[in-house]
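> Following this message is one structure expressed as structure tokens.
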Amino acid sequence: MSAAENARVTDALGQSEAFMLFQERLSRAARVNRPVLIVGERGTGKELAATRLHYLSDRWDGGWVTLNCATLPSTLIEAELFGHEAGAFTGARAPREGRFEAADGGALFLDEIGNIPMEAQEKILRVVEYGTFERVGSSVPINVDVRIIAATNADLRQLVRAGRFKADLLDRLSFEVLALPPLRDRGEDILLLARHFASRMSFELERSALPEFSQAAERCLLSYAWPGNVRELKNVVERAVYRSDNHLVEPDQLVFDPFPPPRSDLPTDGAPSPRTDMAPVAEPDRTAPLLRADVGARPLKEALRQVEIHLVGKALTAHRHNQRAAAAGLGLTYDQFRGLYRKHRTELSGSSPGAS
């Protein structure tokens, strides 16, 4: 395994029950020379799991060849997999071996296998069943000994029902199906991975102090749903460390959505421009109950403090804790917003995502 591959495999960290169960099943499947299908949401680490499976197998010193089937047009995938002879198509000036030949004696990882066109699926099925194929533009059979490991975030059974994936090929590839758990189901692994990514980013930035997360920041990390899974967590944590001025990461540095909020005065694509001849619909005043409750029983200063906490918290929630966007939404400068946030940090942290 190369140094780069080894560094990437170290990202496959975890100690949760869901993750350890997956690793146990992966280790068992590695020992059997059969196709394996790895399924899971985007960003869960399917390629890392496939790499680990290969290097735990008896074929670890054979070829390890990968192909992301989503990155190539359908017209090129067949030639990429099986190679071609000179003159097989325009631009094919010389013979070229494909990924199956390069992986002979080892394993071929087909990522996003649901994107492979039906014509190429037929030839893959033949390789799985008989270990033979022909290059594009040739009728000479080539024999190979290749283990196929495939991955997808698509529902292949649904693709079969839709006529876009061969049922026979799915049967052959699914000797073992390993389902990677999403990050939101891995509990304490979130903080374990966050500290790992933070330390590595700090080292890359040549900082002397190791990063730490405040309790409020940890609550934010644990409560977020992570639709992008480990890949998204890596981006969020590395962005926070890169933007921080000291070793302590606070909730306001955890930017889950780095894109600026859309301008409300611009129409979306294909949508009509907003009507200007209609009176705006008044939004319910949700701060009024705060002012009406216990009138005369609370000092004005306390009532205003409650309103500030309510509005700042609401703005943070609406803008996914992006403080600059929240400030703009309240019509404040960033410095004004930061002053309010620091003033009410204790109350706001207690009501932030993940707070109990």
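> Residue under question is Leu81, and the condition is that it be not in a loop (DSSP other than H, G, I, E, B) and not assigned by TED's automatic domain parsing to the domain that holds Leu53; does it hold?
Working: not in a loop (DSSP other than H, G, I, E, B): yes; not assigned by TED's automatic domain parsing to the domain that holds Leu53: no.
So Leu81 does not fit the description; no.
> Among the residues of the stretch 190-209, write down those that are free of Cβ contacts under 8 Å to residues at least 12 places away in the same chain and outside any helix (DSSP H, G or I).
Within the stretch 190-209, Glu206, Ser208 meet the criteria.
> Ok, one more. Regarding the stretch 51-73, can at least one residue be identified that is assigned by TED's automatic domain parsing to the domain that holds Phe22, closer than 15 Å to Val146 by Cα, more than 28 Å from the chain's Cα centre (by Cα) and outside any loop (DSSP other than H, G, I, E, B)?
Scanning the stretch 51-73, I find no residue that is assigned by TED's automatic domain parsing to the domain that holds Phe22, closer than 15 Å to Val146 by Cα, more than 28 Å from the chain's Cα centre (by Cα) and outside any loop (DSSP other than H, G, I, E, B), so the answer is no.
> Considering (1) in a helix (DSSP H, G or I); (2) within 25 Å of Phe22 (Cα to Cα), say which one Glu101 fails and leave the rest.
All conditions pass for Glu101, except number (2).
> Pairs needed: first member in the stretch 313-336, under 12 Å from Val255 (Cα atoms); second member anywhere, among the acidic types (Asp, Glu) and outside any loop (DSSP other than H, G, I, E, B); C-beta distance under 7 Å; at least 6 residues apart or different chains.
Every condition considered, the pairs that remain are His321/Asp252; Gln323/Asp252.
> Working only within the stretch 147-169, note down all residues that are surrounded by fewer than 22 Cβ atoms within 10 Å (Cβ to Cβ) and among the small types (Gly, Ala, Ser).
Scanning the stretch 147-169 gives Ala154, Ala162, Gly163, Ala167.
> Residues that are hydroxyl-bearing (Ser, Thr, Tyr) and in a strand (DSSP E or B): does the stretch 133-144 have at least one? So that I can check it myself, show each step before the final result.
Keep residues of the stretch 133-144 that are hydroxyl-bearing (Ser, Thr, Tyr), which gives 138-139.
Cutting the leftovers down to in a strand (DSSP E or B) gives us none.
Within the stretch 133-144, none of the residues are hydroxyl-bearing (Ser, Thr, Tyr) and in a strand (DSSP E or B).
> Is it the case that some residue within the stretch 17-40 is modelled with pLDDT of 95 or more, within 15 Å of the chain's Cα centre (by Cα), part of a loop (DSSP other than H, G, I, E, B) and surrounded by 15 or more Cβ atoms within 10 Å (Cβ to Cβ)?
Within the stretch 17-40 (the criterion being modelled with pLDDT of 95 or more, within 15 Å of the chain's Cα centre (by Cα), part of a loop (DSSP other than H, G, I, E, B) and surrounded by 15 or more Cβ atoms within 10 Å (Cβ to Cβ)), the answer is yes, since at least one residue qualifies.
> Working carefully through the options Gly63, Gly83, Gly43, find the one that is over 12 Å from Asp111 (Cβ atoms) and modelled with pLDDT under 90.
Working: Gly63 fails: modelled with pLDDT under 90; Gly43 fails: modelled with pLDDT under 90.
Being over 12 Å from Asp111 (Cβ atoms) and modelled with pLDDT under 90 holds for just one of Gly63, Gly83, Gly43, which is Gly83.
> Further question: So which residues in the stretch 107-132 are among the β-branched types (Val, Ile, Thr) and assigned to a helix (DSSP H, G or I), if there are any at all? Step through it out loud before you land on a result.
Residues of the stretch 107-132 that are among the β-branched types (Val, Ile, Thr), as a first pass: 113, 116, 124, 127-128, 132.
Ile113, Ile124, Val127, Val128, listed by residue number.
> Got a number for residues in the stretch 214-266 being assigned to a helix (DSSP H, G or I) and either in contact with a Lys or Arg (Cβ under 7 Å, 6 or more places away or on another chain) or polar (S, T, N, Q) (or both)?
Residues of the stretch 214-266 assigned to a helix (DSSP H, G or I): 215-223, 229-243, 251-253.
Of the ones still in play, those that are also either in contact with a Lys or Arg (Cβ under 7 Å, 6 or more places away or on another chain) or polar (S, T, N, Q) (or both) are 215, 223, 229, 235, 253.
Residues in the stretch 214-266 being assigned to a helix (DSSP H, G or I) and either in contact with a Lys or Arg (Cβ under 7 Å, 6 or more places away or on another chain) or polar (S, T, N, Q) (or both): 5 in total.
The values are calculated or read from the model by the stated rules, or taken from the named source; none is laboratory data. It should be emphasised that the depicted structure is a prediction, and the values quoted were computed from it without experimental measurement. In this analysis, Cβ positions are derived from the backbone assuming ideal geometry, glycine residues included, and neighbour counts consider all displayed protein chains.
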